[in-house]
Amino acid sequence: MNKIEGQVVIVTGATSGIGKETAIQLADNGAKVILAARRTERLKEIKEIIEKSYGIVEFVQTDVTNQEQVQALAEFAVNKFGRIDVWINNAGVMQLSFIDKLKVSEWERMIDVNVKGVLYGIASAIPEMKKQKNGHIINISSVAGMRVGLTQSIYSGTKFAIRAITEGLRQELSPKLNIKTTLISPGSVNTELREHITDLDAVNLLQKREMEFRLTPENIASAIIYAIKQPKHVSVNEIVIRPIDQRT
């Protein structure tokens, strides 16, 4: 039996990379997918891709740094499909820089998207999942949430925060409310994230560390699908996935 078929799944940051591929794989597995992101035209394009394969998909233009918009996303899902089974907090930015460059506006952007955006998603998902007495919250973190490297201080700080928040959710929600939590921590993935970096010294450092093979969004999407497919009594709390030649 396909344990994803018929589930209502919200994916934030759904217009590229991990979010886009996860949405496609979920729809292929029979989920009712709701795409959420800021870029409306891209949302329309991905909706068309999924519908060509007869997938069930809707989208809501959403800025995850706006709590009202995230709450409206949850309300749309309930009004359209009657429930929220899985909420995937995937939206994120990675603006690496050396701290002494003092890119304060970029620090604030990462905190707003990577931390507050996840918290707004959690706050919007929990009330409906409590009513249902089940659900699954999946937060996309990074190996940078396990170890701090040069230029990663603020980005790592946001991902360490998500690790702590997800573990707190596991302890508080899983035993009494039957709400699963999963933290996905990818290593180097071939996505748009690097395009947000404005510190050229940070870019040069990344290039020096470049490895032969990076992960693809499909690799991470497959890990997410694995976590969702587990039986009701099984909660996959954390998955760390790296390219084979990534040391840290």
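The values are calculated or read from the model by the stated rules, or taken from the named source; none is laboratory data. If you're wondering where the values come from, they're calculated on a predicted model, not measured in any experiment. Using ideal geometry, Cβ is built from the backbone for each residue, glycine included, and neighbour counts are taken over all protein chains shown. Remember, those area values only see protein heavy atoms, side chains included, never the ligands or the DNA or RNA. Shrake-Rupley method; radii C 1.70, N 1.55, O 1.52, S 1.80 Å.
Just to be sure, is Ile49 touching a residue at least 60 places away in the same chain (Cβ under 8 Å) and over 25 Å from Lys130 (Cβ atoms)?
Against the criterion (touching a residue at least 60 places away in the same chain (Cβ under 8 Å) and over 25 Å from Lys130 (Cβ atoms)), Ile49 does not qualify.
Are there any pairs with C-beta distances below 9 angstrom linking a residue in region 96-115 that is of a type in the set (Phe, Trp, Tyr) to a residue that is assigned to a loop (DSSP other than H, G, I, E, B), with the two at least 6 apart or on different chains, and if so which?
Close Cβ pairs (under 9 Å, with a partner that is assigned to a loop (DSSP other than H, G, I, E, B)) amount to Phe98/Leu150; Phe98/Thr151; Phe98/Asp199; Trp107/Gln95; Trp107/Ser97.
Could you list all residues from region 216-228 that are open to solvent by 40 Å² or more (accessible area, probe 1.4 Å) and either among the small types (Gly, Ala, Ser) or in a loop (DSSP other than H, G, I, E, B) (or both)?
Thr216, Ser222
From the set of residues in region 229-241 that are closer than 20 Å to Ile18 by Cβ and touching a Ser or Thr at 6+ places or on another chain (Cβ under 8 Å), which is most open to solvent (accessible area, probe 1.4 Å)?
Here the answer is Glu238.
Considering only residues that are over 17 Å from the mean Cα position of the chain (by Cα) and without any contact (Cβ under 8 Å) to a residue 12 or more places away in the chain, look in region 156-176 and name the one that is nearest to Met129 (Cα to Cα).
Among those residues, the one meeting the criterion is Lys176.
Would you check which residues across region 7-36 are more than 21 Å from Asn190 (Cα to Cα) and out of contact with any strand residue (DSSP E or B) (no Cβ under 7 Å at 6 or more places or on another chain) and list them?
Listed by number, the residues that qualify are Asp28, Asn29, Gly30.
Residue by residue through region 158-215, note down the ones that are among the aromatic types (Phe, Trp, Tyr) and assigned to a loop (DSSP other than H, G, I, E, B).
Within region 158-215, Phe213 is the sole residue that qualifies.
Can you tell me how many residues in region 25-36 are touching a helix residue (DSSP H, G or I) at 6+ places or on another chain (Cβ under 6 Å) and either closer than 27 Å to Asp112 by Cα or without any contact (Cβ under 8 Å) to a residue 40 or more places away in the chain (or both)?
Number satisfying all stated conditions: 5.
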